[in-house]
Each structure stands twice: as C-alpha cells, then as structure tokens.
Amino acid sequence: MHDKEFTYKNSNNDSKPNVMVTTENQSTLRGFNRNYLTKGQATRIQNEWNRVKNQPWSLTTKERVVMKRVGKPARTSFRMYRKEYIS
C-alpha cells in the first residue's frame, strides 16, 4: 500500500484526492481516500492491510477483509478511480 495524491477531473466534490492505493492497473486505481479519514483511522487501515497483505487471497478479498475488520470508516472512504480522469 502506498500513498498517491493527484487531480481527478470527473468529480464534483473531491477533485484532489489523497489515496492509500491498494491496487493499480492500466485503467483503474483503487484505495482508501485519506480526505475522509482521521489520522487514527488511516493508521488502523494500514495496520489491518499489513496483516492481510501476505495472505494467498485475491486483492479484492483482502480489501473486503480490511473493510470488514475496520468497519464504517474504511467502507465510506474506499474509492475506485479511472485512470483516464487522473492528471
């Protein structure tokens, strides 16, 4: 998991997201938006991610497990961004 800050053109309310990226491929970027989290909630998400990152599960399963363990802050801050709108 790494942090990435960028400008997103296809958004009305959050055009400069700061994201803890879980997965990134040619067309999309997925992760937890730090703009919707307190520092403690972000740390909790990172700690849970570190616990599951070496499991032999798919990335979507790992994201789902982290969201289930952390609860509402993780679910409400999880976003998917299309690369075509990132600059």
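The values are calculated or read from the model by the stated rules, or taken from the named source; none is laboratory data. Source: prediction; values computed, not measured. Using ideal geometry, Cβ is built from the backbone for each residue, glycine included, and neighbour counts are taken over all protein chains shown.
Residues checked against (1) among the hydrophobic types (A, V, I, L, M, F, W, C); (2) surrounded by fewer than 18 Cβ atoms within 10 Å (Cβ to Cβ); (3) assigned to a loop (DSSP other than H, G, I, E, B):
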| position | (1), (2), (3) |
| --- | --- |
| Asn10 | no, yes, yes |
| Ala42 | yes, no, no |
| Glu48 | no, no, no |
| Gln55 | no, yes, yes |
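Any residue at all in the stretch 69-79 that is out of contact with any strand residue (DSSP E or B) (no Cβ under 7 Å at 6 or more places or on another chain), of a type in the set (Val, Ile, Thr) and surrounded by 15 or more Cβ atoms within 10 Å (Cβ to Cβ)? The answer is yes, given that some residue of the stretch 69-79 is out of contact with any strand residue (DSSP E or B) (no Cβ under 7 Å at 6 or more places or on another chain), of a type in the set (Val, Ile, Thr) and surrounded by 15 or more Cβ atoms within 10 Å (Cβ to Cβ).
Of everything in the stretch 57-87 that's of a type in the set (A, V, I, L, M, F, W, C) and assigned to a helix (DSSP H, G or I), which residue is farthest from Asn18 (Cα to Cα)? This residue is Val65. Considering every residue within the stretch 9-16, establish whether at least one is at pLDDT 90 or above and among the hydroxyl-bearing types (Ser, Thr, Tyr). No, because not a single residue in the stretch 9-16 is at pLDDT 90 or above and among the hydroxyl-bearing types (Ser, Thr, Tyr). Does Met67 qualify as being farther than 20 Å from Tyr8 by Cβ and out of contact with any Cys (no Cβ under 7 Å at 6 or more places or on another chain)? So Met67 fits the description; yes.
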